[in-house]
Amino acid sequence: MASRSSQVLRSLAKELKAIYKKENLQEIPTYTYLQEQFRNFSVTEQKVCRAQHEVNHVAATYLCHLESARKLEELCSQYRGRGERTIESSANIVGLKLPKLFSEEASKPSDQ
Amino acid sequence: MAASITPKLCRLISGYNQTLCRASYCGRLRHIEDSCKRWLHNPRELKKFYKQATISTADGWYEINLDKKKLRTPHGNVFKVPSEPLALAVATEWNSQEIVVNRPNMHLTALCNSAMENPLQKTRSQLTETIIHFLETDTICYRLTEPPELEQLERKNWDPIIDWAAQRYGLEITPTCSMSPPIVSEESKAILRRHLMSYSDWALFGYHYAVDTLKSLMLMMALVDKHIDVETAVDLARLELSFQTEQWGTVEWAHDIEKYDLRCRLSAAALFIHWCSESSSIKQKASIAPI
């Protein structure tokens with residue numbers, strides 16, 4: 001049980017660190033609040049405690065929130081449309097090449 | 001692309017402005033400049049205009065400060081929330097924005113805004129009725145019989161939730177395999193009405209949002225009661241989809257995006273409900289020896 005909650009806290013720290021890149025972990029108010037909550041609700045004896053379950057559940061939910069928001073952002077930026085393709089790249093997709101355009105120098109020795 | 005064009009274009013146009021001082025030219029060029037700016041700048045994008053979001057407390061409510069300015073709601077009122085963790089989470093949400101403020105993905109802020117301003121002018125009873133209405137179209141009550149594996153999977157995964165709802169709240173609901181809606185007894189509706197009425201106004205907004213996203217009231221009740229976690233709730237709500245994708249393969253830009261979006265929304269709503277309905281107090285144990 002204890003290992004599970006510390007694992008969640010560690011993952012939360014990782015996610016928060018990704019958001020607050022410059023700050024020290026102990027300077028992030030959200031993290032200090034989380035830590036305090038975990039400390040307040042930790043049970044010292046082996047007892048089934050509803051509050052313990054509650055704080056773990058909320059922490060896991062928040063972790064899920066941060067994690068999925070980050071992954072969603074990553075996926076969206078990966079697949080975001082970058083405007084229209086050029087004619088050449090669209091032709092390349094289907095394995096075609098554009099015909100060579102007419103230019104003065106290239107047309108001097110005519111092949112045909 | 002657009003960002004690199006604008007300054008160049010503006011410089012060019014303002015250069016013309018300086019050399020050709022004729023009024024008609026200036027007027028026309030300014031007009032072109034304005035229309036170019038409008039065309040190149042996406043009005044829906046909001047650049048990140050602050051460095052850091054912090055929270056402060058006033059009259060028992062918590063406010064968000066973006067640098068030194070107060071965050072405001074779309075209607076211009078001061079943004080304030082009733083609980084500290086919620087304010088911290090909203091501040092984190094604002095801090096997690098990088099170059100552009102991606103407002104459509106800030107679910108906690110959006111939930112707080114709609115709870116604060118109530119844009120659709122819904123009353124408590126209207127909200128509860130809309131939520132209860134979802135029970136008749138609850139995802140986990142509509143069963144498919146066609147591939148037998150899917151039927152088995154649905155029975156294995158969804159039945160425990162229905163059993164839980166029956167045991168915990170006394171809801172009587174029979175799943176359906178046809179087009180006709182499942183049968184819900186009036187008693188169950190009355191139980192639900194009483195249960196939902198016990199939540200605060202704010203929590204009800206969260207509930208409504210969550211049920212609307214998840215398309216299942218019973219899964220949401222199990223989540224709020226901390227019987228299941230967010231991942232399980234989302235997996236159960238997308239059971240048929242995951243069955244099909246297991247067979248036919250997933251498409252990352254559709255299925256995965258949808259899954260994470262759903263998780264993100266649902267966890268935001270679950271947190272919102274929790275933080276808006278909890279009230280905690282610290283009781284110190286009496287020490288044996290006098291200090």
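The values are calculated or read from the model by the stated rules, or taken from the named source; none is laboratory data. These figures come from a predicted structure and were not determined experimentally. Neighbour counts run over all protein chains shown; Cβ positions are idealised from the backbone, glycine included.
Before moving on, here are some points about what is shown:
- Of all residues in region A:74-106 being within 14 Å of chain B (Cβ to nearest Cβ) and not in a helix (DSSP H, G or I), the one that is farthest from B:I257 (Cα to Cα): A:T86
- Residue satisfying all of: in region B:56-71; among the charged types (D, E, K, R) and in contact with a strand residue (DSSP E or B) (Cβ under 6 Å, 6 or more places away or on another chain); nearest to A:A69 (Cα to Cα) among these: B:E63
- Count of region B:221-234 residues which are within 23 Å of B:L150 (Cβ to Cβ) and surrounded by fewer than 16 Cβ atoms within 10 Å (Cβ to Cβ): 1
- Selection status of B:L266, within 30 Å of B:A87 (Cα to Cα), assigned by TED's automatic domain parsing to the domain that holds B:I140, modelled with pLDDT of 90 or more and surrounded by fewer than 22 Cβ atoms within 10 Å (Cβ to Cβ): no
- Helices (runs of 4 or more DSSP H) lying entirely in region B:82-171 (those with 1 or more residues that are surrounded by fewer than 13 Cβ atoms within 10 Å (Cβ to Cβ)): B:124-133, B:148-169
- A count restricted to region B:42-76 and to residues that are within 14 Å of another protein chain (Cβ to nearest Cβ) and in contact with a Pro (Cβ under 8 Å, 6 or more places away or on another chain) stands at 3.
- The listed residue being without any contact (Cβ under 8 Å) to a residue 24 or more places away in the chain and either basic (K, R) or not assigned by TED's automatic domain parsing to the domain that holds B:D212 (or both), out of B:R168, B:R143, B:R194, B:R103: B:R194
Every residue, every condition in (1) closer than 27 Å to B:S242 by Cα; (2) at pLDDT 90 or above, yes or no:
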site: B:I99; (1), (2): no, no
site: B:S114; (1), (2): no, yes
site: B:Q121; (1), (2): no, no
site: B:Q126; (1), (2): no, yes
site: B:E151; (1), (2): yes, yes
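- Residue match in region A:26-41 (condition: at pLDDT below 85, surrounded by fewer than 10 Cβ atoms within 10 Å (Cβ to Cβ) and within 13 Å of chain B (Cβ to nearest Cβ)): yes
- Taken together, the residues in region B:196-220 that are under 14 Å from B:L135 (Cα atoms) and surrounded by 15 or more Cβ atoms within 10 Å (Cβ to Cβ) amount to 13.
- Qualifying residue in region B:258-275 (condition: over 28 Å from B:H195 (Cβ atoms) and not in a helix (DSSP H, G or I)): no
- Residue check, A:K17 modelled with pLDDT under 90, surrounded by 12 or more Cβ atoms within 10 Å (Cβ to Cβ) and either within 21 Å of B:D229 (Cα to Cα) or more than 8 Å from chain B (Cβ to nearest Cβ) (or both): yes
- Only a single item in (1) aliphatic (A, V, I, L, M); (2) at pLDDT below 90; (3) not assigned by TED's automatic domain parsing to the domain that holds B:I228 is not met by B:A87, and it is number (2).
- Residue, nearest to A:K21 (Cα to Cα), within region B:77-98, restricted to residues that are touching a residue at least 60 places away in the same chain (Cβ under 8 Å) and within 9 Å of chain A (Cβ to nearest Cβ): B:A89
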